[in-house]
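The values are calculated or read from the model by the stated rules, or taken from the named source; none is laboratory data. On a predicted model such as this, the values are computed, not experimentally measured, just so you know. Neighbour counts are summed over all protein chains in view; Cβ atoms, including those assigned to glycine, are modelled from backbone coordinates with ideal geometry.
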Amino acid sequence: MHFYIKQFWLKQWPRIISVIAIYVIVWVGYWYISEHLDISERIKLIMQDLRMPLAWLTALSGVFYSIIKNPISIHETIEKHFKRKSYRGMLGIQNDLEQDLELLIKSVANKPEGEQIILFVDDIDRCETTKILNVVNSLRLILENSEIQKRMIVICSVDPNKFVDAYCSNKFGDGYNYTEEQREEAKKHLDKLFIFGIGLPSLDQTQQIEYLKKLYNPHEEESITQPPFSTNREKHSFIAIPDRKELTELTDNKLGEYLSEYLKENHIVGLTPRAIRIIYYRLLFANNIMASGEALIKEETLEKIIKLSIHIDHSNLDIETAGSDVIDMVVPY
């Protein structure tokens, strides 16, 4: 406050001095007339009654005259000292798009608790190597906006292997012989960009035939006898193996307890909160897939998912018959 008073005084002191001078001249004139001139007592009484009103009128007249002649811009003063600086010009086109997107999404989904927009971005991996990273990173940055984040879900279709190559090429230079550590760094970057990933396993023989029939006989009524995924298919087999339909209840809490015990028994340390969350979500997703296909998830399937997620040796596992389709779906990279 002291700073602004000082600034006001430095800029307006000529006007203040002129007002004070006018006031002093009027007061001296009144004193001289009342004391030295021979006037009647009645006139003196009238002047005495008018002394204060005239003084205030003179002072206010001086202030108004100064303001009208050289007005003080209150708006400019407030803007200069209180308005936050705008960095809009430095943030580039992405910031402009983000602001416009926020306004658009707010108008479409004005109740984020009841409705959300799904944005599907397909074939990102068909872009040039540098553009793959730019597109994905830009989407992630825009989603940092809390208003957009509440109203929109982004689903991206991208080949994780091409993304890993793009990341390694951008950071370590062009080449094809990237080390395992470099590729692991790229996968961790993928974990930071996406909340969850879903892979597409290869088609078994039944699925291939069903798709082929849709191509040459698209008008035939569908009679789906198999689930859209092979929940218990052996690796490299042609068809799914039927499994038990009596399901053992495996709740979210039990999966969490299983993961907790596994980490303790195997002395696994150094996992970040993000890595723990990803592993847990993958176990939940795998369990839901198996249950929807009326199959029982096996312990070796859970163990395989955990080991693949934290990138440790899994060569001792017989995973050829451990729900390979499901593993391919929940651990896409």
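Condition check ((1) at pLDDT below 85; (2) surrounded by 14 or more Cβ atoms within 10 Å (Cβ to Cβ); (3) part of a helix (DSSP H, G or I); (4) out of contact with any Leu (no Cβ under 9 Å at 6 or more places or on another chain)) across all residues:
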site	(1), (2), (3), (4)
I105	yes, yes, yes, yes
E115	yes, no, no, yes
D125	yes, yes, yes, yes
T130	yes, no, yes, yes
I153	no, no, no, no
V164	no, yes, yes, no
A186	no, yes, yes, yes
L190	no, yes, yes, yes
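From the residues in region 245-267 that are assigned to a loop (DSSP other than H, G, I, E, B) and acidic (D, E), which one is modelled with the lowest pLDDT? This residue is E246. Would a scan of region 276-284 turn up a residue that is under 24 Å from V158 (Cβ atoms), out of contact with any Pro (no Cβ under 7 Å at 6 or more places or on another chain) and modelled with pLDDT under 85? Taking every residue of region 276-284 in turn, none turns out to be under 24 Å from V158 (Cβ atoms), out of contact with any Pro (no Cβ under 7 Å at 6 or more places or on another chain) and modelled with pLDDT under 85.
Checked against (1) outside the structural domain of A275 (by TED's automatic domain parsing); (2) of a type outside the set (V, I, T); (3) surrounded by fewer than 12 Cβ atoms within 10 Å (Cβ to Cβ), H219 passes all but condition (1).
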